[in-house]
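Here the structure comes first, spelled out in structure tokens, and everything after it is commentary.
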Amino acid sequence: MSALILIVEDEPHLAEVLEAYAKQEGFRSERAADGNAALTLYRAAKPDLVLLDIMLPGKNGLDVLRSIRQDGATPVILVTARAEESDHIVGLELGADDYVVKPFRPREVMARVRAVLRRASAALESGDAPLRVGPLEIDRRAVTASVSGKELQLTPTEFRLLSHLAAAPGRAFSREELLQAALPDSDALERVVDAHLAGARRKLEAAGAAGLLHTVRGVGYRLSEG
């Protein structure tokens, strides 16, 4: 069955255009025009990906994203009319997988959708043995990460970044390398890596694995016990 996309957009014409392009690409779709309706549909329909506008009536897109991340790791692409990098960073820190800025070309949005779904599918299909770094264990087949047996609620991008780091414990990876590993089809800036790993670090520390993720000045990041 084709992937189900939840389109959350309060501009009717734009929502119709996105839905038409999604259908043309072979996706199924559901639509919501405000934050509360989006969450109701999200929980009922269980979409494979959410295309989420930030500026919504009632509950805004960032609040919707927070609620989605409390429920699970469904991929989310933010749609924003704001060009400021700080807005993108906030969304990524909350767990968005990518973002597009209005005005955009619908085909570009669908390309982002395919790329994010492809990355999510690749993680599910990985048959590699679990990766272990200290108390952290990453199961790429089950797409789970845990610290001393306690599962971490990682976003898909946080999971891919930690998986890449854990595959070579002690090695320092540049932001560019990590960006290509986790978001190869995105035009996001390298600073996006900082935002995602800041979220991953907070979750590691809360689970009792402080000091596992290291920032390497002038290079990037490494994952190691010391």
Practice task
Please work out how many pairs of lysine residues in the chain are eight or more positions apart (or on different chains) and have Cα atoms closer than 27 angstrom.
Solution key: 9
Problem - Computed lengthening from E11 to R118, 0.36 nm per intervening residue step minus Cα-Cα distance - result: 35.7 nm
Handout entry: Nearest-ten-degree value, helix 106-125 long axis tilted from longest Cα axis of the chain
Key = 40 degrees
Fill in the blank from the handout: Rounded to whole angstrom, the alpha-carbon centroid of segment 204-219 lies from that of segment 94-112 at a distance of 30 Å
Completion exercise
Expressed in nanometres to one decimal, the distance between label points 7 Å along Cα→Cβ at E108 and A168 is 3.2 nm
Handout entry: Zone of K46's modelled label, taken as backbone nitrogen in segment 1-20 under 17 Å from a point 7 Å along Cα→Cβ
Key = 1-6
Practice task
Pop a pseudo-label 7 angstrom from the Cα along the beta-carbon direction at both Q180 and V216 and give the gap in nm to one decimal.
Solution key: 1.5 nm
Problem - Computed over the chain: relative contact order in percent, which uses C-alpha pairs under 8 Å that are six or more apart - result: 15 percent
Practice task
Pull up the DSSP beta bridges for the chain and report the antiparallel fraction as a percent, rounded to 5.
Solution key: 45 percent
Practice task
Return one number: the angle in degrees, 0 to 90 and rounded to the nearest 10, between the long axis of the Cα atoms of helix 156-166 and the longest principal axis of the Cα atoms of the chain.
Solution key: 20 degrees
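Bear in mind that the values in this text are calculations on the coordinates, not laboratory data. Worth saying up front: this structure is predicted, and the values here are computed from it rather than measured. Positions of Cβ are backbone-derived with ideal geometry, glycine not excepted, and every protein chain shown enters the neighbour counts.
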